[in-house]
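Only the coordinates and a few stated rules stand behind these numbers; no lab work does. Predicted model only: the values in this text are computed from it and were never measured. Every residue, glycine among them, receives a Cβ derived from its backbone with ideal geometry; neighbour counts consider all protein chains shown.
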Amino acid sequence: MSGLRVERDGAFAWVTLDRPDVRNAFNAELIAELRRTFTVFATEPPTVLRGVVLSGAGPAFCAGADIEWMRSSIGLTAADNEHDAEAMQSMFDAIDACPAPVVARVQGAALGGGMGLCAVADVVIATADATFGFTETRLGILPAVISTFVLPKIGESHARALFTTGIRFDAERARRIGLVHEVVADEAELDAAVVRVTEALLAAGPDAARASKALVRELRTLDAAQARRHTVRRIAELRASAEGQEGLAAFLERRRPDWDRE
């Protein structure tokens, strides 16, 4: 079994890491299934998939790598280890590139690779007692694969301090450095906060929400002049689109747009 559960609730997909006995730690099967799942999501149109909620079953969100999986890596060649790292990077790439917004529901612990999941999510909500940490250096390795996703979120200064020491820190610090967007008291409030976010996504234009997410990724690789041209072109395209015209008409007519009538 892959240890992944995927359920549908209207236009939302709920993806649950379902290995609570090992605190939802990664192994090869879970990594592959996450990549396949989000690759499929990328093919679904905006009206079918409005967002994805990513969570972990049991007391923890994701505690990094499975101990037994790590034990099996002892004695592997550099080439074998590179293959494993590429598989994990492909998984994070698939989540990061998911056209629909991804909401991470974090409780308990998000460590190692679990931090990577927070970094590739668009909205991260955590309970106040959640624990975070780039704990790889405690194992004599480094958070290399997740670093390309984490650095845009928390910046070089925080990465230097937290990558090297491997210290664990609380949800409030995670919020201050930009890894978490909202901290709530407990899991009941966590569920309520997730509902608020999904309702906000339903109120947003399906194409506009995806285009807004894509814009952030697109601007990463553009210089200032390219960024100016690109942003002008994208807003013009959305304004002229059927969704943009409906949104403007709904605003002027003081009614809900057609995508927000469910």
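How much length is gained if the chain between Ala161 and Ala242 is pulled fully straight, taking 0.36 nm per residue apart and subtracting their Cα-Cα distance, in nm to one decimal?
24.4 nm
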Among Ala227, Ala209, Ala240, the residue whose Cα sits farthest towards the positive end of the charge dipole of region 205-260 (+1 at Cβ of Lys and Arg, -1 at Cβ of Asp and Glu, taken about the Cα centre) is Ala227
Once Arg254 and Ala227 are pulled to full extension, the length gained, defined as 0.36 nm per residue separation minus their Cα-Cα distance, is 6.4 nm
Cα extents of the chain along the principal axes, largest first, in whole Å, come to 65, 44, 34
With Cα coordinates, the longest principal axis of the chain makes an angle with the long axis of helix 144-165, in degrees rounded to 10, of 50
Rounded to the nearest 10, the angle in degrees between the Cα long axis of helix 28-41 and the longest principal axis of the Cα atoms of the chain comes to 10
One checks the Cα atoms of region 9-162 and finds Rg and Dmax, in Å, of 15.1, 48
So the angle from the long Cα axis of helix 187-203 to the longest Cα principal axis of the chain, reported in degrees to the nearest 10, equals 40
The size of the Cβ-based charge dipole (Lys, Arg +1; Asp, Glu -1) of the chain about the Cα centre, to the nearest 20 debye, is 840
Note to self: C-alpha centroids of region 187-202 and region 82-147 sit apart, in Å, by 21
